[in-house]
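The values are calculated or read from the model by the stated rules, or taken from the named source; none is laboratory data. All figures in this text were calculated on a predicted structure; none of them were measured in a lab. A quick note on method: Cβ atoms are made from the backbone with ideal geometry, for glycine too, and the neighbour counts reach across all protein chains shown. Surface accessibility is based on the protein's heavy atoms, side chains included, excluding ligands, DNA and RNA. Shrake-Rupley method; radii C 1.70, N 1.55, O 1.52, S 1.80 Å.
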Amino acid sequence: VRRAPLFATLDEDSAREIMASMEAVRMERGDVLFHEGDQGDRLYVITEGKIKLGCTSTDGRENLLAILGPGEMFGELSLFDPGPRTATATAVAETQLIGLGNDQLRTLLQSHPRIAATLLASLARRLRRTNENLADLVFTDVPGRVAKALLDLSSRFGRPVEEGVMVAHDLTQEELAQLVGASRETVNKALADFATRGWLRLEARAVLLLDVERLRRR
Ligand code: CMP
């Protein structure tokens with residue numbers, strides 16, 4: 001728990017106390033934790049695995065807002081601004097989470113005000129990232145967005161290997177396309193083009209980045 005930025009400022013005793021009052025959840029790939037529109041009563045911190053946050057358009061298309069990994073938190077919006085869940089949370093790998101209910105959170109914020117600052121910082125970071133994604137949707141072409149999504153996944157899930165950086169993102173090509181906000185065909189074409197240039201190698205639910213510098217420039 002203390003590796004999660006949200007709780008990093010807690011001392012040992014407080015961390016233990018909070019841990020004891022939190023609910024542990026285990027999920028398999030494909031399990032849904034909550035749906036967009038559900039009533040929300042707790043936030044979650046990922047301790048292992050990955051969660052995709054997605055929303056569906058009225059004509060049934062799916063858009064992924066984010067892929068979150070260990071240490072990251074979600075589900076706080078319906079706590080701070082009571083209302084329905086703004087996205088559906090689905091596990092994309094074997095995942096473990098801890099849930100913190102509304103009342104517990106309120107007590108926690110009172111006794112540990114520094115946690116509030118951490119929460120605000122993470123909301124600010126998320127807003128900044130969302131704005132950037134919005135600008136990219138308008139100004140950046142699909143290959144550029146694919147390169148950016150891969151670099152972003154790499155910064156969180158990448159592991160250096162001899163040839164480059166192995167990014168085990170656990171996403172299908174369909175999910176990658178939903179994350180980039182483009183059709184599967186266009187995203188596949190961009191990936192194939194990068195692979196032909198020798199910038200990356202595609203693997204099952206993973207990608208090996210061979211030339212991070214070129215991808216960054218792209
Ligand atoms: P909540 O609305 O309770 O449930 C869905 C959660 O997804 C939401 O809280 C946020 O924690 C998270 N979320 C919503 N929009 C975004 C976004 N644009 N980027 C990252 N996370 C988001």
*Residues in region 157-175 that are surrounded by fewer than 19 Cβ atoms within 10 Å (Cβ to Cβ), of a type in the set (D, E, K, R) and in contact with a strand residue (DSSP E or B) (Cβ under 8 Å, 6 or more places away or on another chain): how many?*
2
_Odd one out for Val187 among (1) within 20 Å of Glu62 (Cβ to Cβ); (2) open to solvent by 80 Å² or more (accessible area, probe 1.4 Å); (3) modelled with pLDDT of 95 or more_ = (2)
*Any chance you could count how many residues in region 48-82 are in contact (Cβ under 8 Å) with a residue 12 or more places away in the chain and either open to solvent by less than 50 Å² (accessible area, probe 1.4 Å) or within 7 Å of the ligand (Cβ to nearest atom) (or both)?*
21
*Test result for Thr86, under 12 Å from the mean Cα position of the chain (by Cα), open to solvent by 10 Å² or more (accessible area, probe 1.4 Å), within 14 Å of the ligand (Cβ to nearest atom) and more than 22 Å from His112 (Cα to Cα)*: no
*His169 passes all but one of (1) in a helix (DSSP H, G or I); (2) touching a Phe, Trp or Tyr at 6+ places or on another chain (Cβ under 8 Å); which number fails?*
(1)
*Under 8 Å by Cβ, and 6 or more places apart or on different chains, what pairs join a residue from region 128-155 that is on the phi < 0 side of the Ramachandran plot and among the aliphatic types (A, V, I, L, M) with one that is open to solvent by 30 Å² or more (accessible area, probe 1.4 Å) and within 14 Å of the ligand (Cβ to nearest atom)?*
Leu137/Gly181; Ala149/Leu179
*What number of residues in region 108-138 are among the small types (Gly, Ala, Ser), away from the ligand (no atom under 14 Å from the Cβ) and under 14 Å from Leu43 (Cβ atoms)?*
1
